[in-house]
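A.B. asks: Before anything else, here's the structure in question.
The numbers here are math on the coordinates, done by the rules we state, and not lab data. Just so it is clear, the model here is predicted, and its values are computed rather than measured. Here the Cβ positions follow ideal geometry from the backbone for every residue, glycine too, while neighbour counts run over all protein chains shown.
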Amino acid sequence: MWQSSIVESVCEVLADTNTGLTGSEIGRLLAKLRIRDIDPDNAKRHRLSNALLSQQQQDQAGNCIVRFIAEAMAPGLHFKDRTRRQNLQDGLNERLALMGLKVRDDGRIGKASQTATTVDEAVRIAGRLRTELTRRGTMPRFSGTARRNSFGDRSSMPSSKRRKTWPNACASSANPGSTAASW
């Protein structure tokens, strides 16, 4: 049986407003796995944790939680947004490290290399830098415009600081408008 605190933490990741499952996705997965949705009007994370904890209590086993995570992390569901899947996997792996488990790339639950006993160990075992930066309060400065500018949007950067991009740096001197390399 899974501790309720770990189930609730897993559900926080799965139902996160920005990167988690939508309410309809949660409802569809619960129905598919025949887990009773006992609190459909509650917030997503509470709805999901209540359903999983209730099913776990009824079954006297945590298999329903493993099945739900595996179904939610099935690679076929995440072709449109691989970043979302990676965020879910990273967040789940941190929580699951407390049980010596992890979400594998195929979406299934497997054994982790170690079992964490603290949050810091869980973050280290899961190997997630973003979580550590967020925990320290340094992550917000890398969001939105700053992220775009960090990865290529140089329009707001002073021209003296801009480096030439590949096509401009390699343009043929014989044909200044060309983007072909002059090798």
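A.B. asks: Using a Förster distance of 30 angstrom, determine the FRET efficiency expected from the C-beta separation of GLN86 and ILE38, and round it to 0.05.
C.D. replies: 0.45
A.B. asks: Exposure proxy check: VAL119, VAL103 ranked by fewest other beta carbons within 10 Å?
C.D. replies: If I rank by nearby Cβ atoms, fewest first, I get VAL119, VAL103.
A.B. asks: Would you mind ranking ASP106, ASP41, ASP59 by Cβ crowding within 10 Å, fewest neighbours first?
C.D. replies: Ordered by Cβ neighbours within 10 Å, fewest first: ASP41, ASP106, ASP59.
A.B. asks: If you take the charge dipole of segment 17-110 about its Cα centre, with +1 on Lys and Arg Cβ and -1 on Asp and Glu Cβ, which of GLY76, ILE26, SER49 is farthest toward its positive end?
C.D. replies: The Cα lying farthest towards the positive end belongs to GLY76.
A.B. asks: Ok, one more. What is the calculated FRET efficiency for PHE79 to ALA31, with r their C-beta to C-beta distance and R₀ = 30 Å, to the nearest 0.05?
C.D. replies: 0.85
A.B. asks: Let me ask something additional. Expressed as cubic angstrom per residue, what is the convex hull volume of the alpha carbon set of segment 38-100?
C.D. replies: For segment 38-100, the hull spanned by Cα atoms encloses 104 Å³ per residue.
A.B. asks: Mind giving me the nanometre distance, one decimal, between the label points for THR17 and VAL66, set 7 Å out from Cα along Cα→Cβ?
C.D. replies: Output for this residue pair reads 3.4 nm.
A.B. asks: Right, another one. How large is the direction-averaged shadow of the alpha-carbon convex hull of segment 4-137, in nm²?
C.D. replies: With the hull built on Cα positions only, its mean projection is 7.9 nm².
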